[in-house]
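Below is one structure, written out as structure tokens; the observations come after it.
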Amino acid sequence: MDNWSGYLGLILQGAVVTVQLTLMGSALALVMAFLAGLGRLSRFFAVRAIATAYIEFFRGTSIFVQLFWAYFVLPFMGISLTPLQAGVLALGLNVGAYGAEVVRGAIQSIGKEQYEACVALNLGRWQCMRHIILPQALLLMLPTFGNNAIELLKATAVVSLISLADMTFQAQVVRAQTGNTLIPFATILVLYFLMALCISWAVRGLERRMARGLDGVRAT
Amino acid sequence: MSAPIIEIDGITKSFGSFKVLDGLSMKVMPGEKLALIGPSGSGKTTILRILMTLERIDGGHIHVEGEQLYHVTRGDDLVPADERHLAKMRQKIGMVFQLFNLFPHKSVIDNVTLAPMLTKGVARAAAEKRAMELLDMVGMADKAKSMPSQLSGGQKQRVAIARALALSPKIMLFDEVTSALDPELVEEVLNVMRRLAEETDMTMLLVTHEMGFAHDFADRVLFFDRGRIVEEGKPDDIFRHPKQERTQTFLRKIIAAGHRV
């Protein structure tokens, strides 16, 4: 390992890709979670059916297979994605399906009396959802969203299988070039852990900020 | 004599096999203060919830200010009302709940201003000015910036009253508004309602177990039992000289349980 700073540079380049994947994947997952979670609660059967089908399909099939579909099978249907796009798509759709159930559960846990206050104050369904239910439900979703984001971070390692140079991919490159297994894998172990720690802290901070002055939802 | 503001005609309502309202009919005149009393399960809270459109009716008709509450005419047919009609009718009616139902993530003043701003398009400044007047009236102006979690039950209920008043309803429904309060906090809420009754011409329907308050507050008392009105009349007649045996039994039990009459 005479050139170890160069190898560390490789791994850090991979870390950037991992962070990118995590951020973009989480953003897509968040959008999908709210779309499908609210969809599950829709008045319209068709919307509920589509949301349920999405959730069950993406929870029920492996993220490996979903990624391979996004990258290797979609081109046969005329949709060619870059490895990064395929990675974000598979991760976002997969984790979004789990998030959707979190959104639904949190919304349903807000008491009936809040909806009744909305009716008594003549707020519309969407006004009630947007101003009364969602702000309270969001606080309940946060801890599980934090879990999901960490799951997504760790799942980004699968993109190395479609030759996207993320942190895990680069560690394997370093291992192949140096023959040293311990150092590259120990390095990414620590880096993954630090990234997960960042997510934990960020979510906890957000939770504390949102919980200020609140009762009934959860005392903090 | 003017027309009734609320006309209820042959309302039936069941929860499963339990018949809560059994062909109930009643009229309320504009500005009238009504006390609805009776054992639990007698349908008195249900009739408030039906007026607030929180429960649907199984049969019968309700008119508010001469207009059907749950039906609209399409051509020559009377069809169930859609959400738009209900929203229009709800503007006339406000409700205060037993458990306050404040929005815990909104400050006191935001609780009061939210609905006028969202449903009537009132500008924030105007909504806040009106909210402060109302909070002042219920004695909560100094807590405008507090969160609901920082208030006592009595304070929460006074804020809830201000919140309902902010939409200037013609009819106010009070559903056991002091039942969830510690005894020493009941009076501060009752005082607010006494003032409301004296200073406004709002029509007020009150479901309560506070017989003493019902006696002072109401123009007319309705005694409910098993989904029907068993007896109605002036407070003095109902409380001092009840004619029906069921009314007598109920009042005896209430007095035995330590409620003042």
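The values are calculated or read from the model by the stated rules, or taken from the named source; none is laboratory data. Computed from a predicted model, the values in this text were never measured in an experiment. Glycine gets a Cβ as well: all are built from the backbone with ideal geometry, and neighbour counts include every protein chain shown.
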Where residues in segment B:80-93 are in a loop (DSSP other than H, G, I, E, B) and touching a residue at least 24 places away in the same chain (Cβ under 8 Å), which of them is nearest to the other protein chains (Cβ to nearest Cβ)? B:Gln91
Lone qualifier among A:Leu123, A:Leu194 - being hydrophobic (A, V, I, L, M, F, W, C), without any contact (Cβ under 8 Å) to a residue 12 or more places away in the chain and farther than 21 Å from A:Val19 by Cα: A:Leu123
In segment B:116-149, residues that are crowded, with 19+ Cβ neighbours inside 10 Å and out of contact with any helix residue (DSSP H, G or I) (no Cβ under 7 Å at 6 or more places or on another chain) total 1
Residue in segment B:48-64 that is surrounded by the fewest Cβ atoms within 10 Å (Cβ to Cβ), counting only those that are more than 14 Å from chain A (Cβ to nearest Cβ) and touching a Phe, Trp or Tyr at 6+ places or on another chain (Cβ under 8 Å): B:His61
Would you point out which residue out of B:Glu32, B:Glu67 is at pLDDT 90 or above and surrounded by fewer than 16 Cβ atoms within 10 Å (Cβ to Cβ)? B:Glu67
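For segment B:137-166, how many residues are among the hydroxyl-bearing types (Ser, Thr, Tyr) and facing another protein chain (nearest Cβ under 9 Å)? Walk me through it before giving the result.
Residues of segment B:137-166 that are among the hydroxyl-bearing types (Ser, Thr, Tyr), as a first pass: B:146, B:149, B:152.
Right, trim to facing another protein chain (nearest Cβ under 9 Å) and you get B:146, B:149.
Final tally of qualifying residues: 2.
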Could you grab me the full set of residues in segment A:30-57 that are surrounded by 14 or more Cβ atoms within 10 Å (Cβ to Cβ), assigned to a helix (DSSP H, G or I) and more than 16 Å from the chain's Cα centre (by Cα)? A:Leu38, A:Gly39, A:Arg40, A:Val47, A:Arg48, A:Ile50, A:Ala51, A:Thr52
Within 30 Å of A:Phe72 (Cβ to Cβ) and in contact with a helix residue (DSSP H, G or I) (Cβ under 8 Å, 6 or more places away or on another chain): which single residue out of A:Met167, A:Met141, A:Met210 fits that description? A:Met167
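Mind counting the residues in segment B:25-66 that are part of a loop (DSSP other than H, G, I, E, B) and at positive phi?
7
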Which condition breaks for B:Arg84 when tested against (1) among the basic types (Lys, Arg); (2) modelled with pLDDT under 95; (3) in contact with a strand residue (DSSP E or B) (Cβ under 7 Å, 6 or more places away or on another chain)? (3)
Is it true that some residue in segment B:122-136 is more than 13 Å from every other protein chain (Cβ to nearest Cβ), over 23 Å from the mean Cα position of the chain (by Cα), in contact (Cβ under 8 Å) with a residue 12 or more places away in the chain and not in a helix (DSSP H, G or I)? no
For A:Val88, which of the numbered conditions (1) closer than 21 Å to A:Leu35 by Cα; (2) surrounded by fewer than 19 Cβ atoms within 10 Å (Cβ to Cβ); (3) in contact with a Leu (Cβ under 9 Å, 6 or more places away or on another chain) fails to hold? (2)
Among the helices (runs of 4 or more DSSP H) confined wholly to segment A:58-159, which include 2 or more residues that are within 14 Å of chain B (Cβ to nearest Cβ) and among the acidic types (Asp, Glu)? A:112-120
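Given the criterion at pLDDT 95 or above and either out of contact with any strand residue (DSSP E or B) (no Cβ under 9 Å at 6 or more places or on another chain) or under 20 Å from A:Gly87 (Cα atoms) (or both), identify the matching residue among A:Leu164, A:Leu152, A:Leu139.
Result: A:Leu152 is the single residue among A:Leu164, A:Leu152, A:Leu139 that is at pLDDT 95 or above and either out of contact with any strand residue (DSSP E or B) (no Cβ under 9 Å at 6 or more places or on another chain) or under 20 Å from A:Gly87 (Cα atoms) (or both).
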So is B:Val96 at the interface with chain A (Cβ under 10 Å from one of its Cβ atoms), in contact (Cβ under 8 Å) with a residue 24 or more places away in the chain and touching a Phe, Trp or Tyr at 6+ places or on another chain (Cβ under 8 Å) or not? yes
Residues to consider are B:Ser168, B:Ser146, B:Ser179; find the one that is among the polar types (S, T, N, Q), farther than 21 Å from B:Leu54 by Cβ and not in a helix (DSSP H, G or I). B:Ser146
Among the residues of segment B:177-209, which ones are of a type outside the set (S, T, N, Q) and in contact with a His (Cβ under 7 Å, 6 or more places away or on another chain)? B:His209
From (1) in a strand (DSSP E or B); (2) surrounded by 15 or more Cβ atoms within 10 Å (Cβ to Cβ), pick out the condition that doesn't hold for B:Asp22. (2)
Hits in segment A:158-179 - residues which are over 20 Å from A:Phe193 (Cα atoms) and in contact (Cβ under 8 Å) with a residue 60 or more places away in the chain: A:Leu161, A:Ile162, A:Ser163, A:Leu164, A:Val173, A:Gln177, A:Thr178
Of the residues in segment B:125-181, those that are among the small types (Gly, Ala, Ser) and at positive phi come to B:Gly139, B:Ser168
Among the candidates B:Ser25, B:Ser107, residue that is within 11 Å of chain A (Cβ to nearest Cβ) and of a type in the set (Gly, Ala, Ser): B:Ser107
